[in-house]
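Student: Below is the structure I would like to discuss, written out as structure tokens.
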Amino acid sequence: MIYYFSATGNSQHVATRIAGALGTQAQSIETAGTEIRLADGEPLGFVTPTNWNELPVLVREFIRKANIRLALNNYVFTVATYGFLQGFVCEDARHELKRKGIKMNAGYSVKMPDNWTPMFDLSDPAKVQQQVDAAEPQIDEVIAMIRQHAQGNKSHDRMPYFFRVVTDPLLTYERQTKFFGVDKSKCIGCGLCAKKCPVQAIEMQETEKTETNKLGKTPVWTAERCALCLGCLHRCPKFAINYNNKTQSHGQYQHSKYYKKQ
């Protein structure tokens, strides 16, 4: 079984491709149960984005809550999707699994478009397409190593694990929902952001009905912190959501809009 978390489709795509190659299933941690029972020889994989060089909070919580029972010859691995630095995502996962008495056999990484648009610019479709296309041979390479049951951390663009003392407070700071804003002249009140938020940090509240927003609803972030996946920003059909007023010029991204099935 391959478990993944994905807001804009990168990790979902990688997980789906790996699962297809291994003859197993890929399942989102948002819908998966925490009782995990493996058959003899069945692989156990986690495919995850990178949040400030770390394992995302939701993936960390899923691993901690999961009741994992291995059988014989189970190959356990993690794949980090990232755009700039993979950091220590795989090492994070190794530590979390070790606390449960599970040895992680290998860690991998795939470089893809980085959806952290407060910093990275995804407004040029041609450049984004190049990044999406360049990820496919990387995924092929990861699949080949998984089939060979490679051992050790094979991921790229790593950082020393002790840098978590720096990234932990940064991640906590950036997760504050006060940084999100809504352009009410664009918002149509569809509620997609609230429906898809993995931590239910958004509520649709009543507002004045307008020609644009005929439903009279607007998103409000009611939790202090979120998962920092930026799914709300990238999925918004009118690009009405911004983060700290730094994202409007950097575009939106969803992997499915760029992937061309071979």
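The values are calculated or read from the model by the stated rules, or taken from the named source; none is laboratory data. Source: prediction; values computed, not measured. Ideal geometry is used to build each Cβ from the backbone, glycine not excepted, and the neighbour counts take in all protein chains shown.
Student: Have a look at Ala66, Ala7, Ala19 and point out the one that is assigned by TED's automatic domain parsing to the domain that holds Phe163, over 19 Å from Val142 (Cα atoms), modelled with pLDDT of 95 or more and surrounded by fewer than 23 Cβ atoms within 10 Å (Cβ to Cβ).
Tutor: Ala66
Student: Oh, and also: Name the residue that is surrounded by the fewest Cβ atoms within 10 Å (Cβ to Cβ), counting only residues in region 53-63 that are among the aliphatic types (A, V, I, L, M) and without any contact (Cβ under 8 Å) to a residue 60 or more places away in the chain.
Tutor: Ile63
Student: Follow-up. Of the conditions (1) within 30 Å of Ala126 (Cβ to Cβ); (2) surrounded by fewer than 17 Cβ atoms within 10 Å (Cβ to Cβ); (3) not polar (S, T, N, Q), Cys236 clears all except one; give me its number.
Tutor: (2)
Student: Of the numbered conditions (1) modelled with pLDDT of 95 or more; (2) of a type outside the set (A, V, I, L, M, F, W, C); (3) within 20 Å of Trp116 (Cβ to Cβ), Gly189 fails exactly one; give the number of that condition.
Tutor: If we test Gly189 against (1) modelled with pLDDT of 95 or more; (2) of a type outside the set (A, V, I, L, M, F, W, C); (3) within 20 Å of Trp116 (Cβ to Cβ), just (3) comes out false.
Student: Right, something else. Tell me whether region 153-170 contains one or more residues that are assigned to a loop (DSSP other than H, G, I, E, B) and within 28 Å of Arg235 (Cβ to Cβ).
Tutor: Yes; the residues of region 153-170 include at least one that is assigned to a loop (DSSP other than H, G, I, E, B) and within 28 Å of Arg235 (Cβ to Cβ).
Student: In region 70-121, how many are in a helix (DSSP H, G or I) and not small (Gly, Ala, Ser)?
Tutor: 10
Student: Return the residues of region 107-128 that are within 19 Å of the chain's Cα centre (by Cα) and not aliphatic (A, V, I, L, M); say none if nothing qualifies.
Tutor: Gly107, Tyr108, Ser109, Lys111, Pro113, Asp114, Asn115, Trp116, Thr117, Pro118, Phe120, Asp121
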